[in-house]
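Okay, structure first, notes after.
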Amino acid sequence: MTNYLIKRLLMMFPLFLGITLITFTVIHLAPGEPVEMQTAMSPKVSAAARERMRTFYGLDKPLHVQYLSWLKRLSVLDFGRSFAPDNRPVIDKISERIPITLSLSIMALIIEFCLAIPIGIFAATHQDTALDKGITVFVFAGFAVPTFWLALLLMYLFGVKLAWLPISGLHSLGSESFGAIRWFWDMLKHLLLPIIIATFGSLAGLSRYMRSTMLEVIRQDYITTARAKGLTERSVIFRHALRNALLPVITLLGFSLPGLIGGSVIFETIFAIPGMGQLFYMGVMSRDYPLVMGILVIGALLTLVGNLLADISYAFADPRIRHGKG
Amino acid sequence: MRERWLSGLILLLFVALASCNKSERSGPLPPKTGKPAYGDTMVTGSIGEPSTLIPTLASDSASHEVAGLIYNGLVRYDRNLQLEGDLARSWDISADGLVMTFHLRRGVKWHDGRDFTSRDVLYSYRVTIDPKTPTAYAESFKQVIKAEAPDPYTFRVTYARPYAPALESWGMSILPAHLLEGNDITRSPLSRHPVGTGPYRFREWVPGQKLTLEFNPDYYEGRPYINRYVYRIIPDSSTMFMELKAGGVDMMGLSPVQYQRETGSTRFREGFGKYRYPASAYTYLGYNLKNPLFSDRRVRQAITSAINKDEIIHGVLLGMGQIAHGPYKPGTLAFNPGIKDFDYNPERAKRLLAEAGWKEKNGAGILVKDGKPFQFVIITNQGNAERAKTLQIIQQRLKDVGIEVKPRIIEWAAFLSQYIDKRNFDAVIMGWTIGQDPDLYDVWHSSKTGPKELNFIGYSNPEVDRLLEEGRSTFDWRKRRRSYFRIQEIFAEDQPYTFLYVPDALPVVNSRFQGIEPAPAGIRYNFIRWYAPKEAQIY
């Protein structure tokens with residue numbers, strides 16, 4: 001186990017370097033440069049001014065020099081300064097937005113798991129009944145409906161027509177003077193629609209997955225045995241089948257880790273939530289290399305850690321892997 | 001692209017909800033008139049977040065919009081788009097046009113209480129031309145050969161040759177020297193916490209969410225009526241429109257579809273003032289003049305004759321715009337009302353094409369000369385639905401006269417670097433904003449055809465060159481007008497672009513705000529005189 005762990009950890013370094021190298025190259029391959037995105041088609045900007053700005057950002061140096069100096073800074077955890085005109089440290093920009101995205105996605109993730117797992121179990125134990133089919137239609141509707149469309153409809157209904165919920169943003173104007181409870185309630189109201197829509201959209205994947213692993217498990221011999229022993233259906237499903245059926249779900253949980261800070265551009269744009277998705281999108285559109293690299297590095301790191309955690313917890317949950325057969 | 005499907009879906013959404021359309025939220029309607037009163041908050045929405053509130057460093061419109069309320073320049077444009085004194089009480093220009101002397105206003109204070117003096121102006125100028133400052137605005141100040149501040153309330157600049165757009169350039173925001181001098185401007189905390197001389201003081205910036213400004217009680221023109229100005233960041237314009245309807249936003253610019261189709265309810269008409277005036281921008285079809293296809297003027301004239309500009313305005317802008325005949329905004333000083341360019345006349349188009357040698361047609365109905373069919377590619381940038389639709393309409397009209405157009409829509413960065421900068425295009429649909437000063441040197445002078453320069457169509461006309469040079473080297477408006485009037489005549493005949501349309505700006509403002517007086521400059525110019533009557537105030 002320890003050997004396996006050390007091996008996995010050591011493997012992460014070259015992998016990580018490879019990821020940064022590829023992303024750095026790809027973002028620089030994209031046409032357009034930050035300076036150009038800021039000043040293109042403006043009669044007031046001369047070629048000299050453009051050159052001056054390129055020098056300011058270090059874009060006049062060869063690509064490998066830029067990469068190495070970026071890597072050198074990263075080794076002391078310095079993500080550099082943004083190429084946007086505000087020139088702020090990238091880490092400030094990211095840390096301002098991570099809490100928002102993280103808390104939103106964790107809430108959505110918890111609700112998603114809490115709903116999808118029971119739905120999946122229910123669908124599996126009632127396979128091919130009308131209820132199973134109804135659930136299938138429901139979750140796939142959530143999967144298929146474009147989020148922005150549903151979001152706009154609900155916003156119009158609850159925000160404009162009924163005026164029950166706020167439309168966008170995180171806080172009402174003047175929320176600074178609210179008491180703690182009212183402030184929290186205000187934020188909750190703002191988050192309600194985004195979380196409902198996010199959850200609705202992601203139910204399908206997990207619940208279908210749960211349903212199929214559950215179906216696979218309840219066809220196993222040991223379930224038949226359990227039933228033959230005369231155990232109640234309830235205990236067969238929840239004590240014997242569920243445990244095994246949940247194993248692959250652990251892997252899914254591990255994979256969702258990087259997604260937690262990724263956020264969603266469409267979503268955040270529509271609800272005017274200042275999250276990571278928007279930050280990343282803006283960074284890419286303006287070719288803000290340090291910002292894009294900073295977010296990607298954190299994302300890559302979380303992906304690696306997520307995979308590692310999934311593997312480790314899998315090993316703990318499954319004795320076959322733990323004892324070195326896997 | 002995104003805008004297009006969004007606006008399409010918004011339409012769908014309104015169809016879907018049309019059944020319950022009668023139950024628009026009701027509430028007390030604000031009174032139509034009332035006495036000016038202090039107080040209330042103006043909430044506006046912006047698609048983008050400002051990048052920095054030091055305007056010298058900013059190149060995005062959101063930054064400049066907010067900074068416009070915080071800072072002042074030496075001069076500014078008044079309601080009729082004439083330059084008037086701002087921080088400068090008055091100015092003199094020497095007879096030879098080389099020396100400009102600004103007499104500064106006394107008693108103006110920075111938001112931190114310090115006096116505004118010529119030292120601030122000198123600093124703002126110096127930091128702008130400093131090679132270490134990453135600014136986009138150094139160019140017009142590079143023409144200055146000497147800048148001096150003989151006393152705290154006089155500022156004098158000397159130019160190597162008379163340069164008319166120079167006066168306008170002194171509308172740049174004046175920065176506080178006492179807070180910036182000796183510091184690195186790019187690392188200054190002022191970019192997130194500005195100190196200016198303007199009608200509003202900075203109060204708070206919640207990143208990604210909103211920016212709040214508060215009235216400046218010591219503003220030199222008197223304190224503004226509206227106490228607070230909140231700038232909410234709402235990246236999606238459909239969301240912003242819903243916020244507007246729900247009362248979360250007080251002012252926004254609408255798209256033609258929103259303006260024409262979604263503001264008809266009684267509730268909306270009573271709740272909002274709708275305004276409409278020509279925007280300072282035009283859209284054009286530009287030809288790569290290095291391409292032999294377009295080097296013949298008759299071909300360009302024929303294409304203009306084949307295009308129905310009215311149809312484009314109705315189809316694309318739902319009528320919210322007007323035909324452009326040249327590079328100026330109708331109704332402004334430099335605009336020549338007498339020019340005639342080629343109106344829609346397919347017969348004339350065919351005749352002109354025949355004169356240029358395009359007589360025969362092939363089996364597909366496309367004109368052929370020397371065995372080659374008349375076909376070319378029109379490119380435009382992705383993300384602008386209006387340009388894409390214009391392109392489709394033009395494609396159809398040109399097909400009618402036997403020209404085959406292939407449309408191509410390209411992502412902005414690639415569009416610039418792979419096509420425009422490399423002159424690798426046949427024709428292009430783009431737009432320019434129309435500056436307040438009529439100088440067109442950068443876009444039309446034959447010396448501006450170099451890489452990344454703006455005369456990318458390669459237009460070269462010695463007479464236009466001469467007129468451009470004359471126009472920018474005198475402060476005499478009569479002479480300037482003569483130059484620019486003549487240029488418009490030449491363009492109308494030459495058709496280096498087919499000028500398509502000037503869209504309308506379509507702002508709406510919550511009707512509790514009074515004192516809005518639409519003028520050639522739009523509505524924003526007298527913002528500090530807007531007010532909400534006491535009984536209508538909600539914040």
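Here are some notes:
- Of all residues in segment B:132-146, none satisfies being over 22 Å from A:Ala47 (Cβ atoms) and either in a helix (DSSP H, G or I) or within 10 Å of chain A (Cβ to nearest Cβ) (or both).
- Within the option set B:Ser191, B:Ser169, being of a type outside the set (A, V, I, L, M) and within 30 Å of B:Val99 (Cα to Cα) holds for one residue only, B:Ser169.
- Count - residues of segment A:31-42 that are modelled with pLDDT of 75 or more and either more than 7 Å from chain B (Cβ to nearest Cβ) or over 31 Å from the mean Cα position of the chain (by Cα) (or both): 3
- Qualifying helices (runs of 4 or more DSSP H) (wholly inside segment B:273-375; at least 3 residues being in contact with a Lys or Arg (Cβ under 7 Å, 6 or more places away or on another chain)): none
- Pairing each residue of segment B:404-415 that is closer than 13 Å to B:Ala388 by Cα and within 14 Å of another protein chain (Cβ to nearest Cβ) with any residue that is assigned to a helix (DSSP H, G or I) and open to solvent by 20 Å² or more (accessible area, probe 1.4 Å), provided the two are 6+ apart or on different chains, yields C-beta distances under 7 Å for B:Ile410/B:Tyr419.
- If the condition is being of a type outside the set (Asp, Glu), part of a helix (DSSP H, G or I) and open to solvent by 40 Å² or more (accessible area, probe 1.4 Å), then segment A:203-223 contributes A:Gly205, A:Arg208, A:Tyr209, A:Ser212, A:Tyr222.
- Candidates B:Glu221, B:Glu214, B:Glu262 - the one that is charged (D, E, K, R), away from chain A (no Cβ under 14 Å) and either touching a strand residue (DSSP E or B) at 6+ places or on another chain (Cβ under 7 Å) or surrounded by fewer than 20 Cβ atoms within 10 Å (Cβ to Cβ) (or both): B:Glu221
- Filtered residue count, segment A:138-185, keeping only those that are within 8 Å of chain B (Cβ to nearest Cβ) and not in a loop (DSSP other than H, G, I, E, B): 10
- Residue within segment A:187-202 that is farther than 30 Å from B:Leu211 by Cβ, open to solvent by 20 Å² or more (accessible area, probe 1.4 Å) and among the polar types (S, T, N, Q) present: yes
- Residues that are in a loop (DSSP other than H, G, I, E, B) and open to solvent by 20 Å² or more (accessible area, probe 1.4 Å), drawn from segment B:488-533: B:Gly515, B:Ile516, B:Glu517, B:Pro518, B:Pro520, B:Ala521
- Residues of segment B:115-131 that are more than 14 Å from chain A (Cβ to nearest Cβ) and open to solvent by less than 50 Å² (accessible area, probe 1.4 Å): B:Phe116, B:Thr117, B:Ser118, B:Asp120, B:Val121, B:Leu122, B:Tyr123, B:Ser124, B:Tyr125.
- Qualifying positions in segment A:78-101 - among the hydroxyl-bearing types (Ser, Thr, Tyr) and over 23 Å from A:Leu68 (Cβ atoms): A:Ser95, A:Thr101
- Looking at A:Val45, A:Val76, A:Val90, just one residue is over 18 Å from the mean Cα position of the chain (by Cα), surrounded by 18 or more Cβ atoms within 10 Å (Cβ to Cβ) and modelled with pLDDT under 90, and that residue is A:Val45.
- Residues that are away from chain A (no Cβ under 14 Å) and either without any contact (Cβ under 8 Å) to a residue 12 or more places away in the chain or open to solvent by 30 Å² or more (accessible area, probe 1.4 Å) (or both) within segment B:147-172 comprise B:Glu148, B:Ala149, B:Pro150, B:Asp151, B:Pro152, B:Tyr153, B:Arg156, B:Ala160, B:Arg161, B:Pro162, listed in sequence order.
- Segment A:279-300, subset under 14 Å from A:Arg97 (Cα atoms) and aromatic (Phe, Trp, Tyr), residue surrounded by the fewest Cβ atoms within 10 Å (Cβ to Cβ): A:Tyr281
- Criterion (within 12 Å of another protein chain (Cβ to nearest Cβ), farther than 25 Å from B:Phe456 by Cβ and outside any loop (DSSP other than H, G, I, E, B)) met by exactly one of A:Asp92, A:Asp86: A:Asp92
- The single condition among (1) at the interface with another protein chain (Cβ under 7 Å from one of its Cβ atoms); (2) part of a helix (DSSP H, G or I) that A:Val45 does not meet is (2).
- Test: residue in segment B:419-426 that is within 13 Å of B:Phe376 (Cα to Cα), aromatic (Phe, Trp, Tyr) and not assigned by TED's automatic domain parsing to the domain that holds B:Arg76: yes
- Residue in segment B:411-424 that is at positive phi and either part of a loop (DSSP other than H, G, I, E, B) or of a type in the set (Phe, Trp, Tyr) (or both) present: yes
- Test: residue in segment A:6-29 that is of a type outside the set (Phe, Trp, Tyr), open to solvent by 50 Å² or more (accessible area, probe 1.4 Å) and within 12 Å of chain B (Cβ to nearest Cβ): yes
- Candidates in segment A:51-60 are the residues that are at the interface with chain B (Cβ under 7 Å from one of its Cβ atoms) and open to solvent by less than 50 Å² (accessible area, probe 1.4 Å); of these, the one that is nearest to A:Met282 (Cα to Cα) is A:Met53.
- Any hit, segment B:446-453, residues being under 20 Å from the mean Cα position of the chain (by Cα) and surrounded by fewer than 16 Cβ atoms within 10 Å (Cβ to Cβ): no
- Evaluated against (1) aromatic (Phe, Trp, Tyr); (2) more than 30 Å from B:Ile303 (Cα to Cα); (3) more than 18 Å from the chain's Cα centre (by Cα), B:Tyr484 falls short on exactly one condition, (2).
- One residue stands out in segment B:198-209 among those that are touching a Leu at 6+ places or on another chain (Cβ under 8 Å) and of a type outside the set (Gly, Ala, Ser): the one that is surrounded by the most Cβ atoms within 10 Å (Cβ to Cβ), namely B:Tyr200.
- For A:Ile119, the stated conditions do not hold, so it cannot be described as within 14 Å of chain B (Cβ to nearest Cβ) and part of a helix (DSSP H, G or I).
- Subset of segment B:132-146 (residues that are within 17 Å of A:Ala49 (Cα to Cα) and open to solvent by 20 Å² or more (accessible area, probe 1.4 Å)): B:Lys132, B:Tyr137, B:Glu139, B:Ser140, B:Lys142, B:Gln143
- Highlighted here are the helices (runs of 4 or more DSSP H) found entirely within segment B:160-248 that include at least 1 residues which are farther than 26 Å from A:Arg88 by Cβ: B:165-169, B:237-246.
- Meets criteria (facing chain A (nearest Cβ under 9 Å), open to solvent by 20 Å² or more (accessible area, probe 1.4 Å) and assigned to a helix (DSSP H, G or I)) for B:Gln396: no
The values are calculated or read from the model by the stated rules, or taken from the named source; none is laboratory data. Here the structure is a predicted model, which is why all the values come from computation and not from measurement. Quick reminder, even Gly has a Cβ in these numbers, built from the backbone with ideal geometry, and neighbours come from all protein chains shown. With ligands, DNA and RNA removed, areas are computed over all heavy atoms of the protein, side chains included. Shrake-Rupley method; radii C 1.70, N 1.55, O 1.52, S 1.80 Å.
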